[in-house]
Structure formats: C-alpha cells, structure tokens
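Chemist: Quick one: the structure is below, questions incoming.
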There are 2 protein chains.
Amino acid sequence: MEIQDIMKILEKDMKVAVISTVDENNQPHARHINIGVANEEGVFFMTSPKTNFYKQLQSNPKIAITGFLEEDYLIQVIRIEGKVRKLGKDKLQEVLSGNPYIEQVYPDEDERQNVQVFQLYEGEGFYHSLTQGHKYTFEIHA
Amino acid sequence: MEIQDIMKILEKDMKVAVISTVDENNQPHARHINIGVANEEGVFFMTSPKTNFYKQLQSNPKIAITGFLEEDYLIQVIRIEGKVRKLGKDKLQEVLSGNPYIEQVYPDEDERQNVQVFQLYEGEGFYHSLTQGHKYTFEIHA
C-alpha cells in the first residue's frame, strides 16, 4: 500500500480525525478536526487564531493525528506523528474547496477569512487494517 | 445531564476512545484504547508495561481522552483532560470483566496478568451533542 492510498483513506473516507497537541504545561489536548487535504505533501487542516488549538500549535508544532473507520467488517486505523507549519493564505482556497463542514464550523464569512492553514510536513505514519491484519508504515518529508 | 450519564455513554456506547499522551520530548502520541470502566470515580483503562503508551504515562501522567459516536442523526463527542495514576492489581478483574477486546489485545494469559490498570482520577470533562447543540462540562476528583 502506497502513501497516497493511505492519505486518500484519511482524506476521503475518514474525513475527520483526532489531532493531539501539547500546551506549555505539557498537558495533552485533542479534538476532532476535519481533514482538509491529505496527500504525499502531508496533511492540511485549518483552525481559527481564536482557538486554544491554534495557540498550542504556535507554542509546540508537534502533533499526533489519529483516524479510525469502521465499515461493516473492515476496521482501519491511521496514525501520524510529526510537526506542522503554518501556511500562507494561498493554500486556504484549496483546503476550503469541497469541505462540507466549513460553513458549519465557520458560519461567518469574515471569520472564514481569518482561519489559518497548517501542514503536517514531516513525520512518521502507520496504517493498520485490524480485521485483515495489514500494517504499513510511511514517512512524510515535504 | 449528570456526570454518570456522560460516563455511561463513554463506557457503554463509545467503548473505544483516543487517549493522548506526551513523551519526554514533548511529542504527543495518541491511540485508540478500549475504555474498561468509566464512572464518577473517573476513567479506568489498561496497558502492558511493554508499550510506549505505558512509558509515556510513567514519565508524564497527563492525558487527554477523546470519544466520538455517530449514530443516525446523533453525533456525540466526549473530551476529558486530566491526570492518571497506576492502580494495583485488585482493580484489574473489574476492568477485565466483560471486556470483549481483552482476548484480542492480550491473547496470552501471562501477558494478561501483567497489564496495568490506570485511572484518570482528576480532570475536566466536556460533553457535546453536535446535532442537538447540547453542551455540558464536568469535573472529576476521585
């Protein structure tokens, strides 16, 4: 299984994953986040500068992404651990386009213009199909 | 909504949640874990001393628990952030009993006797029913 196949499962099938961060007191935090784009360049997601999530990413760029999907007999897990960087606005339209949750999460157009895109650009990934027993590891360097 | 109702959803309906930890380099890690018992005394789960999860809990007892359940139109999220402590063996039977995953995760009887039970005994919790818009916060002090 290639990295692009695994990223496609994360982006298209799972859609939502848990992103874990750490604050300045070494307390972990985690929340479900819509995955905007995931491919060989890494994982792209967004958040508003008003959130604790954003503050945690600014003080510690290390994150863990955990995705889970159970469909009939198939149970798939994706885990990625690595570092994020903040991208400029030019990536925003790509991440926003076709995102079914954006209007729910950011109903206000002004706020939508303020959200920042982050990219997990470096890290190690792990795919596990529990029922089939398949395991793959991969690396991201973008 | 009372704390025991929320914990029941975590234990009985969600069954599995993501537990996030931090290692000594401030890198977050997260994995899906079967929730053994959840009630007003906190959240009880287990892991083997052989795991990185166990090592991370020993070096930093702060964790975040994230549960998610989508059933028909109802989407529920539970988030708890706080600290764990390791319990003695006496809690093990209670956590093991009725746990449908224990034989899959620890097929070896000897290994099953070595797993350690941890309790999130102090922390802050948050329940959110996305579709209904209900939000509740609660505290754990056990």
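Chemist: Select from the range B:1-17 the residues that are touching a Leu at 6+ places or on another chain (Cβ under 8 Å) and surrounded by 17 or more Cβ atoms within 10 Å (Cβ to Cβ) and write down the one among them that is farthest from the other protein chains (Cβ to nearest Cβ).
Modeler: Applying the filter and picking the extreme gives B:I9.
Chemist: Filter the range B:19-53 down to the residues that are over 9 Å from the mean Cα position of the chain (by Cα) and of a type in the set (S, T, N, Q) and list them by number.
Modeler: B:S20, B:T21, B:N25, B:N26, B:Q27, B:N39, B:T47, B:S48, B:T51, B:N52
Chemist: Looking only at the range B:35-81, which residues are among the basic types (K, R) and over 24 Å from B:Y127 (Cβ atoms)?
Modeler: Within the range B:35-81, B:K50, B:K55 qualify.
Chemist: Further question: Criterion first (at pLDDT below 90 and either closer than 17 Å to B:V117 by Cβ or in contact with a Pro (Cβ under 7 Å, 6 or more places away or on another chain) (or both)) does B:G36 satisfy it?
Modeler: Taking the combined requirement at face value, the residue satisfies it.
Chemist: Just the residues that are closer than 15 Å to A:E94 by Cα and touching a residue at least 40 places away in the same chain (Cβ under 8 Å), please, taken from the range A:35-57.
Modeler: Correct list: A:G36, A:V37, A:E41, A:G42, A:V43, A:F44, A:F45, A:M46, A:T47.
Chemist: With respect to A:P28, determine if the residue is over 20 Å from B:I75 (Cβ atoms), facing another protein chain (nearest Cβ under 10 Å) and not charged (D, E, K, R).
Modeler: The answer is yes for A:P28.
Chemist: I'd like to check something: does the range A:39-46 contain any residue that is open to solvent by 50 Å² or more (accessible area, probe 1.4 Å), closer than 26 Å to B:N25 by Cα and within 14 Å of chain B (Cβ to nearest Cβ)?
Modeler: no
Chemist: Conditions: (1) closer than 24 Å to A:V22 by Cβ; (2) at pLDDT 95 or above. B:V16 meets all but one. Number of the miss?
Modeler: Failed condition: (2).
Chemist: Counting only residues that are more than 20 Å from B:Q27 (Cα to Cα) and open to solvent by 10 Å² or more (accessible area, probe 1.4 Å), how many does the range A:27-38 have?
Modeler: Number satisfying all stated conditions: 3.
Chemist: Among the helices (runs of 4 or more DSSP H) lying completely within the range A:47-142, list those that include at least 2 residues that are crowded, with 17+ Cβ neighbours inside 10 Å and modelled with pLDDT of 95 or more.
Modeler: The qualifying helices (runs of 4 or more DSSP H) are A:52-59.
Chemist: Is it true that some residue in the range B:18-26 is assigned to a strand (DSSP E or B), open to solvent by 40 Å² or more (accessible area, probe 1.4 Å) and within 16 Å of B:E81 (Cα to Cα)?
Modeler: Within the range B:18-26, not a single residue is assigned to a strand (DSSP E or B), open to solvent by 40 Å² or more (accessible area, probe 1.4 Å) and within 16 Å of B:E81 (Cα to Cα).
The values are calculated or read from the model by the stated rules, or taken from the named source; none is laboratory data. Worth saying up front: this structure is predicted, and the values here are computed from it rather than measured. Note: ideal-geometry Cβ built from the backbone for every residue, glycine included; neighbour counts use all protein chains shown. What goes into the accessible areas is simple: the full protein's heavy atoms, side chains included, and nothing from ligands, DNA or RNA. Shrake-Rupley method; radii C 1.70, N 1.55, O 1.52, S 1.80 Å.
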